[in-house]
Amino acid sequence: MAYAVLAFEFSVKLKSHDDFRQAQNPALSYPLQGDRIFRMAHGIHTTHTDVLNRLRRADGHLKAIITMIEDRRECVDVAQQLHAIGNAIENAKRIYIQDHIDNCLEEAAGTIPRGARSSLADFKEITKYL
């Protein structure tokens, strides 16, 4: 009886598909606790499509690696694939951050004095090495 009441309360609290998805896997609920939420007033940047495509490929690659481990494939093969997916995610992160600096930071800086503009240009240049 207690289970039926709990199940009813659970189903009443869910109002959307997102609520159901988050209830099924609370570890994947977004925003994560402590996250700040800012809506992009300027829309999607031109690189976002590229970043999304890279992450989707990495997602498929990660699933293949999981299968490799489950199938007990050679450790060297798995390690090589893990290295490759790590690089793919790093590249996606680099593109996304550089895009943010080139667009959002530039937009926030607005019109600033020439000396400060030089510092901003230096900052943008040095972040390419992160």
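Remarks
- Residue-level check: of (1) surrounded by 14 or more Cβ atoms within 10 Å (Cβ to Cβ); (2) among the β-branched types (Val, Ile, Thr); (3) over 19 Å from Thr47 (Cβ atoms), Thr111 misses just (1).
- Of the residues making up the stretch 103-130, those that are part of a helix (DSSP H, G or I) and β-branched (Val, Ile, Thr) are Ile126, Thr127.
- Residue list for the stretch 46-87, restricted to those being of a type in the set (A, V, I, L, M) and more than 16 Å from the chain's Cα centre (by Cα): Ala64, Ile65, Ile66, Met68, Ile69, Val76, Val78, Ala79, Leu82, Ala84
Every read-out reported here was derived from the displayed coordinates using simple, explicitly stated rules and does not represent laboratory data. None of these values were measured; they are calculated from a predicted model. With ideal geometry, Cβ positions are generated from the backbone for all residues, glycine too; neighbour counts draw on all protein chains shown.
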